1. Against the definition (away from the ligand (no atom under 16 Å from the Cβ), open to solvent by less than 50 Å² (accessible area, probe 1.4 Å) and touching a helix residue (DSSP H, G or I) at 6+ places or on another chain (Cβ under 8 Å)), how does residue 157 come out, yes or no?
2. Right, residue 32: open to solvent by 40 Å² or more (accessible area, probe 1.4 Å), farther than 20 Å from residue 151 by Cα and of a type in the set (D, E, K, R) or not?
3. When residues of segment 136-155 are filtered for being within 12 Å of the chain's Cα centre (by Cα) and closer than 12 Å to residue 80 by Cα, how many remain?
4. In segment 132-154, which residue that is surrounded by fewer than 15 Cβ atoms within 10 Å (Cβ to Cβ) and at pLDDT below 95 is nearest to the ligand (Cβ to nearest atom)?
5. Would you check if there is a residue in segment 123-131 being open to solvent by less than 80 Å² (accessible area, probe 1.4 Å), within 16 Å of the ligand (Cβ to nearest atom) and out of contact with any helix residue (DSSP H, G or I) (no Cβ under 6 Å at 6 or more places or on another chain)?
6. Here is a list of conditions, (1) farther than 28 Å from residue 156 by Cα; (2) at pLDDT 95 or above; (3) part of a helix (DSSP H, G or I), and residue 4 meets all of them except one; can you say which number that is?
Amino acid sequence: MGPLVRRRSSLAHAKCMFHNDLELDHRPTAKDKLVGRMADSYRDLLTSLGEDVNRDGLLKTPERAAKALLYFTKGYDQTIQEVLNEAVFNEEHDEMVIVKEIEMFSMCEHHLVPFMGKVSVAYLPRGLVLGLSKVARIVEIYSRRLQVQERLTKQIAHALIEAINPSGVAVTIEATHMCMVMRGVQKINAKTVTSCMLGVFRDDPKTREEYLALMR
Ligand SMILES: [Zn+2]
């Protein structure tokens, strides 16, 4: 009898938990409400295009588009401090550190279409170094927002200065802008290159040359 009772009670318990989960799912969170409001806006946009938002293919598009846009701009919810937590190390390394060709996806704030490309980051440490994967995380935080390439380049450079106070930082971004490829001049192969040099990379021609040589 013992085992049977136990099994019953655990079943009842499981059922109860399942029930609670369902109830939780039905309670709209702040994010659900946000997605709902954004989906309403997408429905208006689609209607303005002359589309029928009730046709099969578009039924769930407003919600999907809202969630996609939130993903493309998730950098707004993240701070550099969270990322750097426990990833700054004391190290007497005083040679240039370069992280090359970090993949980057961002959104042009003028046309709300993507621009994407590669980011290279170099710094000359002064007692502190950064976990290597964290450089890519810094790129992610600033690129996953509405951006212009020039500002993105500067923000990454200044974040490194703030994090580890190096002797200098260089950031180079090479990107393709969908607003150039798909509209206007339609320059499919045009790449935009921006760079930001701070500290010794700006003041010392030798350091700058070393960086440019390593980038080639
Ligand atoms: Zn644009």
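The values are calculated or read from the model by the stated rules, or taken from the named source; none is laboratory data. Small disclaimer: the values here were computed from a predicted structure and weren't measured. Counting neighbours? That spans all protein chains shown, and the Cβs are built from the backbone with ideal geometry, glycine included. For the accessible areas, the whole protein counts, side chains as well, though only heavy atoms, and no ligand, DNA or RNA atoms are used. Shrake-Rupley method; radii C 1.70, N 1.55, O 1.52, S 1.80 Å.
1. no
2. Answer is yes for this residue.
3. 7
4. 133
5. no
6. (2)
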